[in-house]
1. Determine whether Leu94 is part of a helix (DSSP H, G or I) and either within 20 Å of Gly49 (Cα to Cα) or modelled with pLDDT under 55 (or both).
2. Could you check, for the stretch 54-73, whether at least one of its residues is among the small types (Gly, Ala, Ser), modelled with pLDDT of 80 or more and assigned to a loop (DSSP other than H, G, I, E, B)?
3. If you check Ala101 against the conditions, is it modelled with pLDDT under 80, among the hydrophobic types (A, V, I, L, M, F, W, C) and touching a Gly at 6+ places or on another chain (Cβ under 8 Å)?
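The values are calculated or read from the model by the stated rules, or taken from the named source; none is laboratory data. Just so you know, these numbers come straight off a predicted model, no measurement behind them. Every residue, glycine as well, gets a Cβ built from its backbone with ideal geometry; the counts of neighbours run over all protein chains shown.
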Amino acid sequence: MSLGFLNSTMRAAVMTGPYQVHIDQFPMPRIINTINAVIVRVTISALCGSDLHRYHGYVGGEPPWALGHEASMRPNLGQEDVLQKHTEADSDMLGYIESIAPHARVLFADMALIPVPLTAETTNTSIERDYLTVSDPGDTVAVFGAGPIGLLAAYSAMLHGASRVYGVDHVPMRLEKAASIGAVPINFMDSDPVQQILAYEPGGVIRAVDAVGMEAITANGTMQ
């Protein structure tokens, strides 16, 4: 891709502290190591839950931080859009350049860029959740939330050899899907989901995955 038509600087979203987001000028990304690296033009950028963790001050590190690492982009003029999970920074910029910007540099582009609409982002997120909870063969696992992330997390736990997986939700279709993949469906509208799980596992489960990440209505109708 020829960069002759590009400016030497670009605008990008940067956060200087919790709840402090600004649009500033930064140098255009450049390729340092040409192996599997590309400069892309961002067409659409989204916010990830991990961006919100940093926005609310739940993640450490020294500011400033760039925002956005899930985007639709074009690696070359005229090519189809692709989806990417992560981009990589110039060392003199922010330490980690994200994709709320008109251009970004992507390393390992042969693996990181996926043609639209084919995307494994949801699966990647679910597998990462299981990696962080270190699901071992024989573990019992409770997954709170049986949406796409939760269902894939439950299935990933089974692939890791979990002896029993519980899927907690209240939407009938989600609970049916959880049961169809081999999880024990737990409807939190029936009664306290923890007590329901303890009826199966008196000592409790070994691992738990929060696949909700937001307030929800409890069994007694209160927001929590």
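1. Working: part of a helix (DSSP H, G or I): no; either within 20 Å of Gly49 (Cα to Cα) or modelled with pLDDT under 55 (or both): yes.
It is false that Leu94 is part of a helix (DSSP H, G or I) and either within 20 Å of Gly49 (Cα to Cα) or modelled with pLDDT under 55 (or both).
2. yes
3. Numbers: modelled with pLDDT under 80: no; among the hydrophobic types (A, V, I, L, M, F, W, C): yes; touching a Gly at 6+ places or on another chain (Cβ under 8 Å): yes.
It is false that Ala101 is modelled with pLDDT under 80, among the hydrophobic types (A, V, I, L, M, F, W, C) and touching a Gly at 6+ places or on another chain (Cβ under 8 Å).
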